[in-house]
Every structure is written in C-alpha cells, then in structure tokens.
Amino acid sequence: MTDESSGPDTCDVLVAGGSFVGLTLALALSRASRGVLRVTVVDRTPPDVARAAANDGRASALSAASMHLLQSLGVWEEVAAHAQAFTEIDISDSRLDAVARPSLLHFDGALSEGEPAAYMLENHVLRTALIASAEEAESISFIAPESVEDFSVTSTGVAAQLGQGQTIQASLLVAADGRRSALRKKAGIKSIGWAYPQAGIVATLGIERPHGGRAVQHFLPQGPFAILPLRGDRVSLVWTEPRDRADEIVALDDTEFLREARKRMGGRYGALSVAGPRGTFPLDLHLARAFVADRVALVGDAAHGVHPLAGQGLNIGLRDVAALAEVVIESARLGLDIGSTPVLERYQRWRRFDSAFSGFAMDSLNRLFSNDSAPLRSIRSFGLGLVDRAPALKRFFVREAAGLTGNLPRLLKGQEI
Amino acid sequence: MTDPLQNELPPSSERTLDQNEVARFAAIADEWWDPNGKFRPLHALNPARLTFVRDQICTHFDLDSRDLKPFEGLKIIDIGCGGGLLCEPLSRLGAAVTGIDPAEDSINAARAHAEAQGLKIGYRADRVENLVADGERFDAVLALEVVEHVPDVPAFLGVAADLVRPGGLMLLSTINRTLKSYALAIVGAEFILRWLPVGTHRWDRFVTPAELSDACSQADLQEVSRKGLVFDPLEGSWRLSSDTDVNYLMSASRPG
C-alpha cells in the first residue's frame, strides 16, 4: 500500500471511506483477484490518528461469520489474541429496583464445541490490523487525509473528484462513507428511517471479578443495557437512555458515573473502574431506498443503520463486503465490466432484503422491550421463556447471532471466493 | 416433416449468410450496449454463457478459471460478434480477440464501445470465408446464437471449422427445435414477454443438439460437452443446466 496524499489517477475500484467496511472490502478484492484488481481507498482520517486507541474507545461484537471473513483475509490471526469469545449470553428483563435479576433466557455462547457465536474486539485493534494488512497489499493505494467530493458517471466508468483537486477514474465507486454518506446523496439515493428518542452511551470499565466470557443484555425500561466481555478483566458497556439523560450521565465525574453503571450492572462484577474514554452516539434506523446507482454501490452504514441493540451494525456491514466482493470477483472472472448495471443489481438483490429484515427486527425488539407496561412485560417473559425451553429455537437464535443464517456469501462461511 | 436444414436451400454462396438477417440486426445496432434496450436478453444471458465459454476453454487448455486473466496468449475469434458483448469480456480475460460480423453498423458500434473502454479488439465487417481465405487460425472460435440465423448449418460449420487451429476449440450455442422451444423462445420471448422483437427467430431454423453434433463431426470437430441454459425466475437470471430443451451450448475440439 502506498500511504500518501495522492495516488494513481486510475484504478478498478475506488472505495470512499477507509474504516472497517471500506478496508475489509479493499482487502477482500485484492486477495481474491490475486492482486490484479487495483483498489484505491480514500479516507478523511490520517492513518496515525485512525490507529490511536484514545480516538476510539469503542468495541465491536464480531459474529462468527465476520470472524470467518477476517480469517480468510489473514487479519484474524493478528487480532485473535485481543478478542474475547462469548461463552454465555444472558438476557434479562427487569426493573432497575428489582432486587434479583433472574435470567430470562440463557444461551451457551458456542455454536459447537470450541466455536463461539461471537467475539468482542476493541475497534482500534481491528482498525490497526486492517491498515497494516492493506499496507502490505501492493494493489491497494491509500489516500488519507482526503475525501471524494463529487463524481460524474461516464458511459464506461466513473470520474471522482477529490478534495485537493485530483481526479480518479474507476470502473466502480464504493460509498463506504458512513451513516451520513455524502456520496449516497450525490448518487441521488434517498434513505428512509427514523431517529430514536434514545441515545447510546459507550464506556469501557475495569472489573474486579472475572466476567467469564458472559455477555449480558438487560432490557431496562429506558432501553437495552449490554455488558460485553473484553480481554483483561474489562467490560464494554452499551447503554441506552433518553437523549438528554444520556448526555447528563456521560458528563458525570468518574465516581458518579460508576455509581450509575453499578446500579444497572448489579454487584456481580465487584469494584468498577474507568478504563477508557466514554461517549454517546445517536441511535437511528435508516435504510437506503437503493443500494446501487450507475457505477456506485453502497456498503455498511451508508446503506443501512440498525439499532445497535444486538451489536449487529458492523456484522451487517461485513455481510455487504462479503457479498459485493463475491459478485465483483465472479464478474471479473467472466471478464464482465465490474461496475456495470447487471453486476451491481446482483449485489443489490442479494443484500437489500437481508438488511431491511435485520433493521426492522432490531427495531421491533427495541420497541417491545423499551416499555414498562405490565402486559408487555408478561408477554416478553412468556415469549423468552418459550425460547428458553425449546433447544431448536435457541440454536436458531445462536446461529442468527453468529450471522450464519440466510444465503451467505462464501467468505462468511470461511471459504475462498 | 421435412428436414428444415435441407429446406429451401439458397444457392451455395448464400448458405452461410442471410442478407435479410444482416439488415434486421443492422437496424438496431446502436442499441447493443443499452442494458435496457432490445438486446437486454443477451445482456441477461451473458454471465451464464460466458461461464460455459470460460470453463470449456480453461479445461481444454488447462488454465486456471479463478485467474482474472487466464486467456493471456490465446487468440480467439467471435463470429457474429454484434456489438461486442462477448469480445469485450474475452479481451478483459487476456485474449487477443477478433470480432467479425457482416453488419457494418454493428461493427462500428462495437469498435466505438471498445475504444471507450480502452480495449484493443480487432473488429472486421466481414464474413467467415474471407478470414479462411486469409489463412487465419485461432485457438478458440465462438459462434454463439448464430447458427439459428444461418441458412445452412453444416455448410456454415464446415467453413467456420477451418478457423480452428488443430488442437483448438469451437464453441457454439443455439436454440433447440422442440415444442418447448417454440412455446418459450417464440411465443413466450417474442410475443408475450417482448424480450425480443417479433420475428427475431424462425422456429424452422432452430437446430437440435444431435443435428449440431452431427454437423460438427462432418466438419471434423468432435463434441466435448453440451449444457442447457435455463431461466431462473426467482433469481431473475440464467444458469447452466443439463436441460437442453430450449437454449443450449456445445463445445467441440479439432483433433491436434
């Protein structure tokens, strides 16, 4: 990878956005094409800033399917030592003042002996490994800090204008530029969705007693509260509150903040300490009306955003990557124009239904659980109780959480394209 | 029923080409590369038929089909290339490609499109006989969706086979002459779905796999493989199948 302020003026695929989804796509295309496809990645953030832990205190849940993808790209072996496997998943539904928080639903975190359904990994660890792998790939050019400001579609390709004046010709432009994707708007694609009255708080805490790999999701009346295990006696909290309240909580001093966290976590973890920066992020659900336009494909948050309830945002983005990489590579192996409409339509057919389904399923769950009414509470208890007693249904949910249901791209099954 | 291949044979010089057919394709030449235009069905068919072509050539010449440029070093000709829907992919896969078509307008459209794509393809508005006379030889010769438009299939194959070098491969595709093909390819595709202009095909010119295989043998070509093409309405795309009742492809090799 060339790490500089300008790159070549032509490439096969231009990726706007060099975060997880954009970098993973570049690696997948480079690897499966044996370095023949030339990929240029453009990102606003200077690489040294992107790598720094202090700039992103968040962690992500990676499903088994996402792990397969990273494994096939040779990235997993670089991060495996930092990844915490889920050994158990506990779901509970109780009021804050409840003395005991009985577990409503308990999953064994493993798909099968020795294969966890999901892992927790800190964002900066994953980002650093992806950048390092991209640097090793000669067919990938990385231009940062830089952005794609505009583009025009020609009969044979796309011409993208960068902020500092360079124009890059490509066969395909991939918009991996996040939830407020400017390229989505420039491509004339509208997005539908709504914001939630809640915001998410993320924080990393040190704990006294080991978490044992247990992931916990409490459905509290204010919104879901997740305690996700990290390596080294730490947990990542993903904590939903009404927006104003979320800002207040994050602004508390460390002692007060830990007191609020402890109220929700219970006493299971012993003494708590602050182990990283904390922040809030807005919660919204959005789905692009189309995932493709002439010469343009949307991936990741540019295409869809889900309620982070089940930590599925990154996993769904990586499903886009695996599907788009497979469609592009198979088309290139037939000599087809990889940015042509029939190729892009195949990607859209594959991904759009799945994304809509995930988005609205998470939304329904959030609505069902973020509510304190007694009848809803008993319906939830009854429903989850049923799931808990039906092993087949539980296996389905664990496989769903692992991202292993549906028509999977090969990379997610741990196969080469 | 009389054998349609022997029916109403024109004079021998016109057995390999039908001027009415040439004129009909010339009239719509500017639409070759419009994915929503009159040639949409060919665009839809392209991935599946290219899969057959690629896999047959890779198997025959022992090449890696997962490579993005497996055809480097191969000389390939597409007979009846139209706007270049097959020539461009073959060129991207690394082959030195020649495309010939009797319709001058199609060749002009093909040439303009390839230049814009930065692809070097040798296009000629010409007929097969002239290339044979020039002594041209190719590693692979393609004539896809062609034989159903020529008046005399054995005569056409006899000439086209001369373009295949010893040890080379011929690739053909056409439409079978069955009741099902009449229902699907003519009534369905032309009259009901309007995928193709009415009059695109004449059922009596359709060729059965056995007839095509025999015509290959007469031209000193040996059938290697045949596959059907079926439309999957759920996926909205074509795929290869063992069902050769309607559209099918065939590969045949010339003994080395």
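The values are calculated or read from the model by the stated rules, or taken from the named source; none is laboratory data. Computed from a predicted structure; not experimentally measured. With ideal geometry, Cβ positions are generated from the backbone for all residues, glycine too; neighbour counts draw on all protein chains shown.
Here is how the numbers come out for the structure above:
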{"quantity": "Failed condition for A:E260, given (1) at negative phi; (2) assigned to a strand (DSSP E or B)", "calculated": "(2)"}
{"quantity": "Candidate set from region A:314-339 (those that are facing chain B (nearest Cβ under 7 Å) and among the small types (G, A, S)); member that is nearest to A:L287 (Cα to Cα)", "calculated": "A:A332"}
{"quantity": "Hey, A:I249 touching a helix residue (DSSP H, G or I) at 6+ places or on another chain (Cβ under 6 Å) and surrounded by fewer than 21 Cβ atoms within 10 Å (Cβ to Cβ) or not", "calculated": "yes"}
{"quantity": "Some residue of region B:173-194 being touching a helix residue (DSSP H, G or I) at 6+ places or on another chain (Cβ under 6 Å) and either in a loop (DSSP other than H, G, I, E, B) or within 14 Å of chain A (Cβ to nearest Cβ) (or both)", "calculated": "no"}
{"quantity": "Answer residue from region B:28-58, given it is touching a residue at least 40 places away in the same chain (Cβ under 8 Å) and basic (K, R) and is nearest to B:V246 (Cα to Cα) among those", "calculated": "B:R49"}
{"quantity": "Checklist (1) surrounded by fewer than 16 Cβ atoms within 10 Å (Cβ to Cβ); (2) in contact with a strand residue (DSSP E or B) (Cβ under 8 Å, 6 or more places away or on another chain) applied to A:P210, failing item", "calculated": "(2)"}
{"quantity": "Some residue of region B:225-233 being within 14 Å of another protein chain (Cβ to nearest Cβ) and more than 19 Å from the chain's Cα centre (by Cα)", "calculated": "yes"}
{"quantity": "Helices (runs of 4 or more DSSP H) contained in region A:3-90 and holding at least 2 residues of a type in the set (S, T, N, Q) and touching a Gly at 6+ places or on another chain (Cβ under 7 Å)", "calculated": "A:64-72"}
{"quantity": "Any chance B:G199 is touching a Lys or Arg at 6+ places or on another chain (Cβ under 9 Å), under 25 Å from B:D34 (Cβ atoms) and away from every other protein chain (no Cβ under 14 Å)", "calculated": "yes"}
{"quantity": "Members of region B:169-199 that are of a type in the set (S, T, Y) and either touching a residue at least 40 places away in the same chain (Cβ under 8 Å) or buried (at least 21 other Cβ atoms within 10 Å of the Cβ) (or both)", "calculated": "B:S173, B:T174, B:T178, B:S181"}
{"quantity": "Residue in region A:244-278 that is farthest from A:I207 (Cα to Cα), counting only those that are at pLDDT below 90 and under 26 Å from the mean Cα position of the chain (by Cα)", "calculated": "A:P277"}
{"quantity": "Count of region A:263-276 residues which are surrounded by fewer than 14 Cβ atoms within 10 Å (Cβ to Cβ) and part of a helix (DSSP H, G or I)", "calculated": "1"}
{"quantity": "Lone qualifier among A:G74, A:G35 - being under 25 Å from A:A160 (Cα atoms), surrounded by fewer than 24 Cβ atoms within 10 Å (Cβ to Cβ), modelled with pLDDT of 90 or more and not hydrophobic (A, V, I, L, M, F, W, C)", "calculated": "A:G35"}
{"quantity": "Candidates A:A293, A:A275, A:A323, filtered to the one that is under 20 Å from A:L412 (Cβ atoms) and of a type outside the set (S, T, N, Q)", "calculated": "A:A323"}
{"quantity": "Identity of the residue in region B:142-168, part of a strand (DSSP E or B) and out of contact with any Gly (no Cβ under 7 Å at 6 or more places or on another chain), that ends up surrounded by the fewest Cβ atoms within 10 Å (Cβ to Cβ)", "calculated": "B:R165"}
{"quantity": "Among the candidates A:R179, A:R184, residue that is in contact (Cβ under 8 Å) with a residue 40 or more places away in the chain and assigned to a loop (DSSP other than H, G, I, E, B)", "calculated": "A:R179"}
